[in-house]
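Below: one structure, written as structure tokens.
Taken together, the values in this text are just the output of simple stated rules run on the coordinates, not laboratory data. Please read all numbers here as calculations on a predicted model, not as lab measurements. Positions of Cβ are generated from backbone atoms using ideal geometry, with glycine treated the same way; all protein chains shown enter the neighbour counts.
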Amino acid sequence: TVNLPESSARLLALAMKEGIETAFTSELIRSNSLACPDPEMENWPWQVKVRALGPFEVWKDGEKIQSARKARQKPFELLKAVITLGCRNVSERAVADMLWPEAEGDAAHSAFATTLHRLRQLLGFEGFLELKNGKLALDSRCCWVDAWAFEAALKRAEASLKAGAVQKALGEIDAAFGLYGGDFLSSDAETPWTVQARDKLKERFCRVILAASEVLLASGKTAQAVEYLSSGLTVDPSAEGLCQRLLEINVRSGRRAEALALYQKLKESMAQKHGLEPAPATKAIIESFFRK
């Protein structure tokens with residue numbers, strides 16, 4: 001065993017990012033219990049790793065845990081609830097209300113305590129999910145969550161756009177696309193308490209993409225803006241703001257067929273998701289084709 005100081009973590013993180021001797025590097029990290037210097041870094045040998053963007057998946061020390069077994073469903077529901085509520089400073093009561101809405105008082109607390117114990121047993125240690133003064137928190141020193149890293153990338157992109165650092169913002173948006181494996185908890189699409197969190201993440205992502213695209217368009221980088229706007233619509237086909245910008249670009253370029261197809265797809269997506277029609281401003285963009 002090689003004993004390493006904590007200061008070695010940054011060097012080992014760089015080795016992991018560059019793909020240098022990853023098996024050996026991972027073993028060094030694990031054997032020395034080194035904390036990751038970057039809590040959003042994906043390719044670190046995390047004790048617990050969770051994917052919530054797309055189908056829900058959990059790994060313990062690099063091994064995927066099968067979540068389909070009935071005995072594991074409630075503990076994993078608790079973990080999903082904590083992630084849905086933000087991973088940190090999550091109240092026990094809020095989780096209990098989500099998972100045991102019919103239970104009250106001692107019954108709700110008992111169900112919560114039992115399920116938390118089972119989840120900790122399943123993942124092998126208590127530390128990854130702390131409970132203090134009725135508040136739950138995932139420990140970023142040993143646990144990585146894709147939704148957590150995704151939101152952090154969006155936050156950095158927003159800050160970069162505000163500071164006028166467009167290329168840095170685009171790099172963070174690219175990182176967010178790399179993390180976005182699908183809708184938040186897509187395998188729980190029918191669970192009511194996941195819907196708001198799912199829509200909120202998509203709306204924030206599309207808002208950042210639109211803001212970056214506006215800057216690109218203003219600087220004459222139309223092709224790059226189109227690329228980001230189109231990619232944004234793969235995340236949320238009903239994102240009307242993104243669609244409006246693409247429609248305007250198509251109108252200016254005289255691409256009538258593309259514009260009509262884009263508008264029809266938006267119309268279908270909005271009807272399916274919201275039961276709504278495109279806004280008058282969106283319809284006006286299409287109608288401008290026929291006034292020429």
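Fewest-first ordering of Asp146, Asp139 by other beta carbons within 10 Å of each residue's beta carbon gives Asp139, Asp146. Taking amide H as placed 1.01 Å from N in the peptide plane, Val145 has its amide H under 5 Å from the amide H of Val50, each at least 5 places away in sequence or on another chain.
Seen against the Cα atoms of the chain and their longest principal axis, helix 166-179 is set at about 60 degrees.
The tail of the calculated P(r) for the chain beyond 27 Å holds 52 percent of all Cα-Cα pairs. Look at Phe289, Phe112 and count the other Cβ atoms within 10 Å of each Cβ; fewest to most, that gives Phe289, Phe112. Summary value for the stretch 158-212: 40 percent relative contact order, contacts being C-alpha pairs under 8 angstrom separated by 6+ residues. Taking other Cβ atoms within 10 Å as a rough exposure proxy, Trp44, Trp59 sort from fewest to most as Trp59, Trp44.
The Cα center of the stretch 106-129 and the Cα center of the stretch 175-202 differ in position by 24 Å.
Angle check, please: helix 192-218 long axis (alpha carbons) against the longest principal axis of the chain (alpha carbons), in degrees 0 to 90, nearest 10. Once rounded, the angle reads 50 degrees.
For the stretch 85-194, what does the alpha-carbon gyration tensor say about shape, rounded, prolate or oblate, given a ≥ b ≥ c as the root eigenvalues, a/c under 1.5 as rounded, and a/b over b/c as prolate? Verdict is prolate for the stretch 85-194. Past the 27 Å Cα-Cα mark, which pairs from Lys17/Lys135; Lys64/Lys168; Lys200/Lys267; Lys162/Lys267? Distance filter (> 27 Å) returns Lys17/Lys135; Lys64/Lys168; Lys162/Lys267. What is the helix-to-structure angle for 70-84, meaning the angle in degrees between its Cα long axis and the longest Cα principal axis of the chain, kept from 0 to 90 and rounded to the nearest 10? Between helix and principal axis, roughly 60 degrees. Mind telling me which of Phe24, Phe150, Phe125 comes out most flexible in a GNM of the chain, alpha-carbon contacts under 10 Å? In the Gaussian network model the winner is Phe24. For the chain, with a Gaussian network of springs between Cα atoms less than 10 Å apart, report the residue from Ala165, Ala137, Ala157 with the top mean-square fluctuation. Fluctuation is largest for Ala165. Could you tell me whether the stretch 253-292 comes out rounded, prolate or oblate from its Cα gyration tensor? Rule is a ≥ b ≥ c as square roots of the eigenvalues, rounded for a/c under 1.5, then prolate if a/b exceeds b/c, otherwise oblate. In terms of gyration-tensor shape, oblate.
Only aspartates and glutamates eight or more places from Lys221 in sequence, or on another chain, were considered; those with a Cα closer than 19 Å are Glu172, Asp174, Glu248. Convex hull volume of the Cα atoms of the stretch 1-160, normalised per residue: 143 Å³. Taken over the stretch 1-43, the percentage of Cα pairs per 10 Å bin, counting from 0 up to the bin with the maximum distance, is 31, 63, 6. Separation of the alpha carbons by more than 18 angstrom is noted, of Lys60/Lys80; Lys155/Lys202; Lys202/Lys283, for Lys202/Lys283. The separation of the stretch 234-292 from the stretch 44-103, counted between C-alpha centres, amounts to 38 Å.
Treating only the Cβ atoms of Lys and Arg (+1) and Asp and Glu (-1) as charged, compute the dipole magnitude of the chain about its Cα centre; round to the nearest 20 debye.
Around 600 debye, computed over the chain.
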